[in-house]
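Every number here is computed from the coordinates shown, using simple stated rules; none is lab data. This is a predicted model, so every value here is computed, not measured. Quick reminder, even Gly has a Cβ in these numbers, built from the backbone with ideal geometry, and neighbours come from all protein chains shown.
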Ligand code: IPM
Ligand code: MN
């Protein structure tokens, strides 16, 4: 099969971790007889520096013309403490999600047997946890009307949701639940927010169409607690954009390191596959960042963009083996040897 992949490493540790995922993709292609064609494009702070725009038109074109986007991270400390900045690296990611119509963000959380003791949570709580966070990605406060009034002294962000946006993400939630343990948890704040009441109303309308799936409803504050006190409760957790952003960072603690959490963003056009950890600027260029989340995102790319399940499995197997054997970066190494980003990438690629 011919695989057209857009490579968007972005900022910070993005280029290093995407570099490792590319080694692994190449190894998979070689083993399974696929031909990969990469195109490179700028996004985030590096795109602002070069084009004055975090998601330039050229980049969008490259994405549209590819079958999948392998994405690193965006962000740069130069912008972090400047609330007045007119252009920001994060706008690149948001524009890409919006323009590609990527309304569904899948963030699976699993535990690795040899890592459960690394979780900040008690081993018996996390051992065996396995759930999918499904985050709505192109609506809510991220994209609703925002602005300032009163000479800048009043600010607002609107948490706007349309019925069709809620329906399509819940539908996906039900479909994934059907393929898993048939349990969907709809997370909202329906006791306070009108937008959440719309979510809950629509979920209640849809639930009878999926009698084989157990639906339950949970307030987001309670879900935040449940994620760390009883993560095994969850199978598929579906929620709106902002809640999903927050809860998935929290959920990453379950697996022991943020450096392990992969994601896929899918919707109307080309899907984007990226680690959830962000640009981690303190580690940029040091060859110490954990590449496994990006490598696992490449596994999701094979599975979701190309329907190549065996290829995805081959990557997952090699990653699990590297963890078992302790071929890991400093975030996971504990008292053991700390391998560099590129050593881990080389090892996983060699074990495909
Ligand atoms: C994420 C990130 C982004 C988000 C930022 C970088 C805009 O935190 O993918 O979770 O908030 O969605
Ligand atoms: Mn986030």
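Within 10 Å, count the other beta carbons around each residue, average over each peptide in 255-263, 177-185, and list them highest first.
Highest mean packing first, the order is 255-263, 177-185.
Could you check what % of the DSSP bridge pairs in the chain are antiparallel, to the nearest 5?
40 percent
Using alpha-carbon pairs under 8 Å, 6+ residues apart, how would you state the relative contact order of the chain in percent?
Once divided by the residue count of the chain, the mean separation gives 23 percent.
Going by how many other Cβ atoms sit within 10 Å of their own, how do 59, 154 line up, fewest first?
154, 59
Going by how many other Cβ atoms sit within 10 Å of their own, how do 96, 141 line up, fewest first?
Neighbour counts put them in this order, fewest first: 141, 96.
Given a cut-off of 13 Å, what percent of all Cα-Cα pairs of the range 58-120 lie beyond it?
In whole percent, the long-distance tail amounts to 75.
What share of the DSSP beta bridges in the range 120-255 is antiparallel, in percent to the nearest 5?
Restricted to the range 120-255, the bridges split so that about 20 percent are antiparallel.
With a 10 Å cut-off between alpha carbons and a GNM built on the chain, which of 220, 236, 43 moves the most?
Comparing 220, 236, 43 in the GNM, the peak value goes to 220.
What does the C-alpha gyration tensor say about the overall shape of the range 1-69? Classify as rounded when a/c is under 1.5, otherwise prolate if a/b is larger than b/c, or oblate.
oblate
Between residue 160 and residue 216, what FRET efficiency comes out of the Förster formula 1/(1 + (r/R0)^6) with R0 = 22 Å and r the beta carbon distance, rounded to 0.05?
Between residue 216 and residue 160 the formula returns 0.30.
Treat the count of other C-beta atoms within 10 Å as a stand-in for reagent exposure and order 199, 347 from fewest to most.
Listed from fewest to most nearby Cβ atoms, that is 347, 199.
From the Cα gyration tensor of the range 236-288, with a ≥ b ≥ c the square roots of its eigenvalues, which class applies: rounded if a/c is under 1.5, or else prolate if a/b is larger than b/c, or else oblate?
In terms of gyration-tensor shape, oblate.
Roughly how many nanometres apart are two label points built 7 Å out from the Cα toward the Cβ at residue 197 and residue 333?
In this crude spin-label approximation the distance works out to 5.5 nm.
Average the reciprocal distances over every distinct pair of alpha-carbons in the range 120-255, invert the result, and give the Kirkwood radius in Å.
15.6 Å
Take the alpha carbon atoms of the range 105-181, find their center, do the same for the range 272-292, and report the distance between the two centers in whole angstrom.
So the separation of the two Cα centres works out to 20 Å.
With a ≥ b ≥ c the root eigenvalues of the C-alpha gyration tensor of the range 257-352, is it rounded (a/c under 1.5), prolate (a/b larger than b/c) or oblate?
Taking the square roots of the gyration eigenvalues as a ≥ b ≥ c, the range 257-352 is oblate.
Hey, rough spin-label estimate for residue 183 and residue 286, points 7 angstrom out along Cα→Cβ, what's it come to in nanometres?
If labels sit at residue 183 and residue 286, their model points lie 3.9 nm apart.
If you wrap the chain's Cα atoms in a convex hull and average its projection over all directions, what's the area in nm²?
Hull-based average projected area comes out at 17.8 nm².
Run the numbers for residue 124 and residue 229: contour at 0.36 nm per residue of separation, minus the present Cα-Cα distance, in nm.
Gain in length upon complete extension: 36.7 nm.
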